[in-house]
Structure formats: structure tokens, C-alpha cells
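This report concerns only the one structure given below.
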Amino acid sequence: MKNIIGYFLQGGLGGMCVITLILVAIFFAAWKAPAWVRNLGRLGFMAGFIWTMMGIFQMLDYLGQNPDTGAGIIYGGLKVAMIPLLYSSFVYVVALIINTVQKPRLY
């Protein structure tokens, strides 16, 4: 599963859908309420951060119950836990770009 949809599903459908809805809200706010764009970007980033922390918590809970787990499984769990953070960072960068483009220009 090396495609975008595979990463989307690996990152956790609930959190990734929330981050995607925030991305849609950023595009809508860019059209209707430009002052909200940066705050929505921050909200998307924090949603990804929280979802990542929940994934790491689940991984540590599993490791607490199975202390003889191999390093490959641990690294795979960390990779999967970081997917929402990476996606939400992308959403935040999009919000910053939109916010910068919408600012009045200095002449």
C-alpha cells in the first residue's frame, strides 16, 4: 500500500477524515472568511498532532502488553502513527500559502 489512499487508510480513517474536512473548510474560508484561514490551518495541525499522539499511545499500550516485540514492528508502528502529523503539516502549509496570497500587497 504505497499510494495516497493506502496512507490515508493507514493513518486512521477518523482522524484523517477530520483533517480533510478542515482542509475543505480552509478552501471555503479562503472564499468566504479569509480571516479564518490561518486559525483553521492551526486547528488542522493540532488535530493531526492529537491523532498522532493517540496512535503512539495505542502503540505503547500494545508494547506494554507484549514486551518481546521486534524492532521492525515498533518502527512500523511509529511510521503509521506519524502519517496524520505529516498530512496535517501539509494542510497547515496550504493554509499559510493561502493566507499569504490573500494579504494585501505592499507597493
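Quick notes on this structure:
Yes/no per residue for (1) modelled with pLDDT under 95; (2) over 17 Å from Leu9 (Cα atoms):
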residue: Ala30; (1), (2): yes, yes
residue: Leu43; (1), (2): no, yes
residue: Gln58; (1), (2): yes, no
residue: Ile73; (1), (2): yes, yes
residue: Lys79; (1), (2): yes, no
residue: Val94; (1), (2): no, yes
residue: Pro104; (1), (2): yes, yes
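- Subset of region 1-50 [charged (D, E, K, R) and within 13 Å of Val93 (Cα to Cα)]: Arg38, Arg42
- Filtered residues of region 4-27 (kept if among the polar types (S, T, N, Q) and either open to solvent by less than 50 Å² (accessible area, probe 1.4 Å) or in contact with a strand residue (DSSP E or B) (Cβ under 8 Å, 6 or more places away or on another chain) (or both)): Thr20
- The set of residues in region 64-107 that are farther than 30 Å from Trp31 by Cα and either open to solvent by less than 40 Å² (accessible area, probe 1.4 Å) or not in a helix (DSSP H, G or I) (or both) comprises Asn66, Pro67, Asp68, Thr69, Gly70, Gly76, Gly77, Ala81.
- Taken over region 28-58, the residue count meeting the criterion of being in contact with a helix residue (DSSP H, G or I) (Cβ under 8 Å, 6 or more places away or on another chain) and open to solvent by less than 30 Å² (accessible area, probe 1.4 Å) is 9.
The values are calculated or read from the model by the stated rules, or taken from the named source; none is laboratory data. Remember, predicted model here, so these are calculated numbers, not experimental data. Cβ: placed from backbone, ideal geometry, glycine included. Neighbour counts: every protein chain shown. We work out accessible area using only protein heavy atoms, side chains counted, and drop any ligands, DNA or RNA first. Shrake-Rupley method; radii C 1.70, N 1.55, O 1.52, S 1.80 Å.
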